[in-house]
1. What's the number of the only condition in (1) modelled with pLDDT of 90 or more; (2) farther than 15 Å from Asp9 by Cβ; (3) out of contact with any helix residue (DSSP H, G or I) (no Cβ under 8 Å at 6 or more places or on another chain) that Arg65 fails to meet?
2. Which residues, taken from the range 33-56, are farther than 19 Å from Ser14 by Cβ and in the same structural domain as Ala11 (by TED's automatic domain parsing)?
3. Exactly one condition in (1) within 15 Å of the chain's Cα centre (by Cα); (2) closer than 18 Å to Glu22 by Cα; (3) polar (S, T, N, Q) is not met by Thr71; state its number.
4. Can you list the helices (runs of 4 or more DSSP H) lying wholly within the range 1-84 that have 3 or more residues being at positive phi, surrounded by 12 or more Cβ atoms within 10 Å (Cβ to Cβ) and more than 13 Å from the ligand (Cβ to nearest atom)?
Amino acid sequence: MVGKSCSTDLAGLSLDALSAQEEHAARRHVAVCSTCDRTYSEFAEIAAALGTAVDQVAPPEHVKRDVLERTRRSSKCNSPEWRIIIHAANSD
Ligand SMILES: [Zn+2]
């Protein structure tokens, strides 16, 4: 449960669905609020489980191409780690 005065989007944080500014603010809050830290840990565990809870299928080529292009253009995905992931996905 999130503390009464907390309005941090912990679900969004766990799903990596926040803007860079929102993510930064949420991580700063979680670092100092034990209630939200516990809740975030639970949400992150659930978010990780969601990724493995369904059968994996290869996306249609146009969907893969569109997602990779949007990822390339996103400022959130401009780190060396993401460039490696994008390169590996393009090599499939
Ligand atoms: Zn909190």
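1. In the conditions (1) modelled with pLDDT of 90 or more; (2) farther than 15 Å from Asp9 by Cβ; (3) out of contact with any helix residue (DSSP H, G or I) (no Cβ under 8 Å at 6 or more places or on another chain), Arg65 misses (1) alone.
2. Within the range 33-56, none qualify.
3. (2)
4. Answer list for the range 1-84: none.
The values are calculated or read from the model by the stated rules, or taken from the named source; none is laboratory data. Model, not experiment: these values are computed from the prediction. A quick note on method: Cβ atoms are made from the backbone with ideal geometry, for glycine too, and the neighbour counts reach across all protein chains shown.
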